[in-house]
1. Take segment B:261-288 and flag every residue that is within 18 Å of the chain's Cα centre (by Cα) and under 25 Å from B:Arg188 (Cβ atoms).
2. For segment B:171-199, which positions are without any contact (Cβ under 8 Å) to a residue 12 or more places away in the chain and either in a loop (DSSP other than H, G, I, E, B) or in contact with a strand residue (DSSP E or B) (Cβ under 9 Å, 6 or more places away or on another chain) (or both)?
3. Only residues that are facing chain B (nearest Cβ under 10 Å) and either open to solvent by 10 Å² or more (accessible area, probe 1.4 Å) or not in a strand (DSSP E or B) (or both): list them for segment A:71-83, please.
4. Just one of A:Val311, A:Val327, A:Val336 is more than 22 Å from A:Ser282 (Cα to Cα), in contact with a Leu (Cβ under 9 Å, 6 or more places away or on another chain) and surrounded by fewer than 22 Cβ atoms within 10 Å (Cβ to Cβ); which is it?
5. Scan segment B:117-143 for residues that are at pLDDT 85 or above, away from every other protein chain (no Cβ under 13 Å) and open to solvent by 20 Å² or more (accessible area, probe 1.4 Å) and jot them down.
6. If B:Ala322 satisfies every condition in (1) open to solvent by less than 20 Å² (accessible area, probe 1.4 Å); (2) modelled with pLDDT under 95; (3) within 14 Å of chain A (Cβ to nearest Cβ) but one, which is the exception?
7. Of the conditions (1) closer than 30 Å to B:Val119 by Cα; (2) of a type in the set (Asp, Glu); (3) open to solvent by 40 Å² or more (accessible area, probe 1.4 Å), B:Glu156 fails just one. Which one is it?
8. Search segment B:172-201 for residues being modelled with pLDDT of 95 or more and within 30 Å of B:Leu317 (Cα to Cα), and hand back the single one that is least open to solvent (accessible area, probe 1.4 Å).
2 protein chains.
Amino acid sequence: MSSKPFNPAATIKDVAAQAGVSVMTVSNVLRGRGRVSEETRKRVLETAERQGYRPNLTARALVEGKAPTLALMLSCITNPFYPEFALAANLEALRHERHLLVCNTDHEPDGGSGFLEQVAGSLSDGVLVANNGDLPMDELLRLQERGIPVVISVWELPDDLPDIPCVTFDSKAAGKLAVEHLVELGHRRIGAIIGSPKHGIHGGRYAGFRDVMRAAKIKPSAADERFTKDSFEHGYEAGKDLLSARPDLTAIFVSNDLPALGVMNAASDLGYSVPDDLSIVSITDIIPARQSRPGLTTVAIPTAEMAEKGVSLLVELMAGRATESTVVHTSPPTLVVRGSTAAPAASR
Amino acid sequence: MSSKPFNPAATIKDVAAQAGVSVMTVSNVLRGRGRVSEETRKRVLETAERQGYRPNLTARALVEGKAPTLALMLSCITNPFYPEFALAANLEALRHERHLLVCNTDHEPDGGSGFLEQVAGSLSDGVLVANNGDLPMDELLRLQERGIPVVISVWELPDDLPDIPCVTFDSKAAGKLAVEHLVELGHRRIGAIIGSPKHGIHGGRYAGFRDVMRAAKIKPSAADERFTKDSFEHGYEAGKDLLSARPDLTAIFVSNDLPALGVMNAASDLGYSVPDDLSIVSITDIIPARQSRPGLTTVAIPTAEMAEKGVSLLVELMAGRATESTVVHTSPPTLVVRGSTAAPAASR
């Protein structure tokens, strides 16, 4: 993408020296005041751009007449995935000389529509939507029809794209990688805890699980599956429930790290030793996955890349270099083996 | 504080029925359009207020001519304390019929000044600062002088107040509670890992540690103390360093939960069993403190209350019902005993 990277080392003095003008002139140009010839103005702006100098964004906004902010709409700010995503989006926005407004929508009484309406096109001039389908799609389409740039990142179902530019991720491939790891270790009695309804946000991940089970000729049983919500506590409860009902499981696939960490605690509280008695594998690789003991084996999805590509696509869209049907793919997911998985006890 | 709580169950129909007017009239009043008598206008607004009806905030903003948002400036969005604080602030802002813009400043090239300048008074009409002194105090004072409402929450040093309205917290009392717990269990060889310089943001917590050590007649030794940064990784490294240098310690006081969780892993990696070989106590009670195994014994600070009181104070300030010298105190901290502390092995 073509915007110049922001260079924090560049100073207004460097720009002045390079452009052959005074610091005051650079300041006047960037703030849109004082008397400066059009030729000088252009030279100063080009020099600043070339050096990656980041002027005061507020001053820049005055010059350009627009809000130098992008908005990130997310749900559940206390789910560690979102702060990690937000930080990466924040840094990418800064590289494009924009501040990022983080908007948490999961407790908005209207599902976030009012908040979206407020920020889009007034407080910010572009919106990155990262909140797992909580925001009504028709609201997003309506904004787009009004000419307000909207991008979705990440969209988990590349076979069923929205009519909004998006960054997609092959969630089915992630589910497959996780469960193939269990099958390769020798597990046959594999349960599943999914952090959404069967056809909800983790539907692609669940489909990957089913594909691998079928390929391994393991007869799936609804009794070995639980559909719950995407939180630590819901994972904990579903883990206790599943392990109490099916104590002969040797491994559990959990569709997301946060509920998987809850399942780890449930197993521990029921007297299971992970991974000796039970293997647990998941998807995402949030920071707590590497901090838990044992560490959580998981399929890493490129969280920072999703955020960065989402912001870049939004900037491209605002510049007219992307369209409503632009789709950007992320790198494929990768398995990260830690301490929570091992061969089943019977095979050791 | 006097704003009515938001009632998500209230509808525009309820307001219309109660005020004895049509739904269209309520809509016209709330959107500031159509011809409505001043008497009817007042009655509709009062009815909506009484019922806790939340009109579309954007429409409300058009009527009142101001941005219906508050900004929360925070540092380090990936430190779990801040998302928890942000969520509580978000909910309290909604109760005051305002959206919350979350602004992460720790990677802003100018320390956040430019971002603050951008949001304060334009994108939002009030700023809650929760970022541990990263934002230059003179910038905050300058905004205040320009009449832009600014509140700090939380301010950890109640004996040394800023010239800005704030919510304070007795950090020294928290440090004392934590270390008294260790002394009462019988520990004498107590180390300290502080997530800031000696007189930095955790200076009050460290002072509490020193007070208790002095009262217990335990000679403090600089060799038993480490000053580091407030992150999981810095806690891990400081823990490894301290335990390697002082293997006879039976307990460690850590000034904050996030580095304390790193110390737990460092102890585990060095072969210590917590709490059998080593007790660890900390301050804050972030969500991961209760999710770790063993659970982290910690002094709970009222995080949600700090956020709620911060937002309420900001709203009061904007309404002219608080001044630049208003100070709001939070509830005292409380000890939460979990699995990471026990009597030292020698005394069992």
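1. Within segment B:261-288, B:Ser282, B:Ile283 meet the criteria.
2. Answer for segment B:171-199, where residues must be without any contact (Cβ under 8 Å) to a residue 12 or more places away in the chain and either in a loop (DSSP other than H, G, I, E, B) or in contact with a strand residue (DSSP E or B) (Cβ under 9 Å, 6 or more places away or on another chain) (or both): just B:His199.
3. A:Cys76, A:Ile77, A:Thr78, A:Asn79, A:Pro80, A:Tyr82, A:Pro83
4. Checking each option against the conditions leaves just A:Val327.
5. Scanning segment B:117-143 gives B:Met137, B:Asp138, B:Leu141, B:Arg142.
6. If we test B:Ala322 against (1) open to solvent by less than 20 Å² (accessible area, probe 1.4 Å); (2) modelled with pLDDT under 95; (3) within 14 Å of chain A (Cβ to nearest Cβ), just (3) comes out false.
7. Going through (1) closer than 30 Å to B:Val119 by Cα; (2) of a type in the set (Asp, Glu); (3) open to solvent by 40 Å² or more (accessible area, probe 1.4 Å) one by one, B:Glu156 breaks only (3).
8. In this case the residue turns out to be B:Ala174.
The values are calculated or read from the model by the stated rules, or taken from the named source; none is laboratory data. Just so it is clear, the model here is predicted, and its values are computed rather than measured. When we count neighbours, we look across all protein chains shown, and the Cβ atoms used for this are built from the backbone with ideal geometry, even at glycine. Areas reflect the complete protein model, heavy atoms only, side chains present, ligands, DNA and RNA absent. Shrake-Rupley method; radii C 1.70, N 1.55, O 1.52, S 1.80 Å.
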